[in-house]
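Visitor: Let me give you the structure first, and then I'll get to my questions.
The values are calculated or read from the model by the stated rules, or taken from the named source; none is laboratory data. Values in this document were obtained by computation on a predicted structure and should not be read as measured data. Cβ: placed from backbone, ideal geometry, glycine included. Neighbour counts: every protein chain shown.
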Amino acid sequence: MLNNREREPVPGDRGYEPASSRFEVVPADRAVVIKPNAPRVDIEVAPQFRHALLQLVEQGHRSLVVDMSEVNFIDSSGLGALVSALKALKTQDRNGDIRLANVQQPVVALLEIIRLQRVFTSYASVEQAVSSFS
């Protein structure tokens, strides 16, 4: 269940819907691609990002590609969302994985500093990341 921080009001409606406009989710041949639509994955966006990733895992998707083409900054909360989703995925299916695509240089540098490039494999394109699931 989403809390109010993870929901956005729907104009003209009394209720809420998941904050999905911040992410595009597109099924591909061998994976599901999720793309943040913002240059920053930080404390403001991370709860929704975590929820979107975990929701895909709960729906049974085992091959996820995160298209980082628009992301030029990610903080510890954004990285935590990725790690949480990977942990949930590996708990359910040891063969499941999250792969990154189109990672921008500032994010690559951070992943290298904290050695998460060993955990998340990166690809130059979404197509390469998707085809790596064979």
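Visitor: Surrounded by 20 or more Cβ atoms within 10 Å (Cβ to Cβ), touching a residue at least 12 places away in the same chain (Cβ under 8 Å), over 17 Å from Arg22 (Cα atoms) and among the basic types (Lys, Arg): is that true of Arg99 in this structure?
Guide: yes
Visitor: Within segment 2-24, identify whether any single residue is in contact with a His (Cβ under 9 Å, 6 or more places away or on another chain) and at pLDDT 95 or above, and answer yes or no.
Guide: Checked segment 2-24: no residue is in contact with a His (Cβ under 9 Å, 6 or more places away or on another chain) and at pLDDT 95 or above.
Visitor: So, Pro106, is that one surrounded by fewer than 16 Cβ atoms within 10 Å (Cβ to Cβ) and either under 16 Å from Phe133 (Cα atoms) or touching a Phe, Trp or Tyr at 6+ places or on another chain (Cβ under 8 Å) (or both) or not?
Guide: It is true that Pro106 is surrounded by fewer than 16 Cβ atoms within 10 Å (Cβ to Cβ) and either under 16 Å from Phe133 (Cα atoms) or touching a Phe, Trp or Tyr at 6+ places or on another chain (Cβ under 8 Å) (or both).
Visitor: Right, next: Out of the residues in segment 110-124 that are part of a loop (DSSP other than H, G, I, E, B) and exposed (fewer than 13 other Cβ atoms within 10 Å of the Cβ), state the one that is nearest to the chain's Cα centre (by Cα).
Guide: Ala124
Visitor: Give me the pairs, please: first residue somewhere in segment 30-59 and under 21 Å from Tyr123 (Cβ atoms), second residue anywhere and of a type in the set (Ser, Thr, Tyr), beta-carbon distance under 6 Å, and either six or more positions apart or on two chains.
Guide: From segment 30-59, the pairs are Arg30/Ser63; Ala31/Ser63.
Visitor: Which one is modelled with the lowest pLDDT among residues in segment 72-109 that are out of contact with any Lys or Arg (no Cβ under 7 Å at 6 or more places or on another chain) and part of a loop (DSSP other than H, G, I, E, B)?
Guide: Among those residues, the one meeting the criterion is Arg94.
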